[in-house]
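To keep things clear, I will list the structure first and then write my remarks on it.
The values are calculated or read from the model by the stated rules, or taken from the named source; none is laboratory data. Predicted model, so just to flag it, every value in this text is computed and none were measured. A quick note on method: Cβ atoms are made from the backbone with ideal geometry, for glycine too, and the neighbour counts reach across all protein chains shown.
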Amino acid sequence: MEIKIIGIENIPLIKKGDDLSHLILKAADDQNIRVDDGDILVIAETAVAKAEGDVINLKAMKPGKQAHKLAKLTGKEVELVEAIIEESNEIVKVGPDFIISETKHGFVCANAGIDESNVDKGLATPIPVNPDFSAHHIRRKIEKNTRKKIAVIISDTQGRAFREGAIGTAIGVSGMEPLWDRCGEFDLYGRELKTTSIAVADELASAASLVMGQADEGIPVVIIRGISYFEKLKNEEATINPLIRPKKYDVFRD
């Protein structure tokens, strides 16, 4: 199997109200790239949040007592801490320079997924309000314009428990299942797989981040082509929910 990871270059800086599907197709056309059946588009959440106007003005935040307390513990700006609190259902753990929280979406991640990079000073982008809906909306418009069947993943850069560094992580999906349950299949020695499920949406988001980069690369959209299991996992109604571990099974949380 050969997989291609193609960065869509020269997408302009995103503004509120921009039609991401139009910008993606125009930039791809300028590169002589045609969207094909089975392509998986991975889109950075910052681009989605900016297009949807979901940007936080940190200067307008009114920090409360909890924000002041956590800012002192972490060394973070108190306005950013207030934004983290407002975007969270629960503060899970606090470290020397981070706040682990459960977002309104159910994701457990650092700083509620709020990102201060690639936006003007004093602004920050939270995780989009409904990443699955965003992915679905973009997918349907691209499919309508290209007459091709694709999938769309909204990605974020997140850390992982017990590991240093950050990787691309799926926070929204449309057009394919994010989790591949391989139980009942067999390994090379004929043993039946009992508990094997693969977080394919996270794997694809991580692969895309190799091309997207994390600094000034300016590539918020990547096409991943040649995924052999796309047909197996294709699903018009898929959401990110299968990747979210229910809290009752989260043995690492108090």
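I'd like to check something: does segment 8-24 contain any residue that is assigned by TED's automatic domain parsing to the domain that holds GLU217, under 23 Å from ALA208 (Cβ atoms), touching a Ser or Thr at 6+ places or on another chain (Cβ under 7 Å) and surrounded by 12 or more Cβ atoms within 10 Å (Cβ to Cβ)? Looking through segment 8-24, none of the residues is assigned by TED's automatic domain parsing to the domain that holds GLU217, under 23 Å from ALA208 (Cβ atoms), touching a Ser or Thr at 6+ places or on another chain (Cβ under 7 Å) and surrounded by 12 or more Cβ atoms within 10 Å (Cβ to Cβ). From the list ALA44, ALA83, the one residue that fits, being in contact with a helix residue (DSSP H, G or I) (Cβ under 8 Å, 6 or more places away or on another chain), among the small types (Gly, Ala, Ser) and closer than 27 Å to LYS234 by Cβ, is ALA44. Selection of segment 150-187 for residues being in contact (Cβ under 8 Å) with a residue 24 or more places away in the chain, farther than 21 Å from SER101 by Cα and acidic (Asp, Glu) yields only GLU177.
Would you pick out the residues in segment 188-214 that are without any contact (Cβ under 8 Å) to a residue 40 or more places away in the chain and closer than 23 Å to ALA27 by Cβ?
If the condition is that a residue be without any contact (Cβ under 8 Å) to a residue 40 or more places away in the chain and closer than 23 Å to ALA27 by Cβ, then SER206, GLY213 are the ones that fit.
In segment 193-200, is there at least one residue being closer than 25 Å to VAL129 by Cα, outside any strand (DSSP E or B) and either outside the structural domain of ILE99 (by TED's automatic domain parsing) or aliphatic (A, V, I, L, M) (or both)? Scanning segment 193-200 turns up at least one residue that is closer than 25 Å to VAL129 by Cα, outside any strand (DSSP E or B) and either outside the structural domain of ILE99 (by TED's automatic domain parsing) or aliphatic (A, V, I, L, M) (or both).
Could you look through segment 132-153, keep only residues that are charged (D, E, K, R) and outside any loop (DSSP other than H, G, I, E, B), and pick out the one that is surrounded by the most Cβ atoms within 10 Å (Cβ to Cβ)? Residue satisfying both the conditions and the ranking: ARG139. Within segment 147-195, restricting attention to residues that are among the hydroxyl-bearing types (Ser, Thr, Tyr) and modelled with pLDDT under 95, the residue that is nearest to VAL211 (Cα to Cα) is THR157.
With without any contact (Cβ under 8 Å) to a residue 60 or more places away in the chain, surrounded by 13 or more Cβ atoms within 10 Å (Cβ to Cβ) and not assigned by TED's automatic domain parsing to the domain that holds LEU210 as the only criterion, which of VAL119, VAL78 stands out? None of the others qualify; the one that does is VAL78. Filtering segment 223-243 to residues that are surrounded by fewer than 16 Cβ atoms within 10 Å (Cβ to Cβ) and of a type outside the set (Ser, Thr, Tyr) leaves GLY226, GLU231, LYS232, LYS234, ASN235, GLU236, GLU237, ASN241. Restricting ASP187, ASP181, ASP250, ASP156 to residues that are buried (at least 22 other Cβ atoms within 10 Å of the Cβ) and of a type in the set (Asp, Glu) narrows the list to ASP156. The single residue among ASP132, ASP97 that is at pLDDT below 95 and in contact with a Ser or Thr (Cβ under 6 Å, 6 or more places away or on another chain) turns out to be ASP97.
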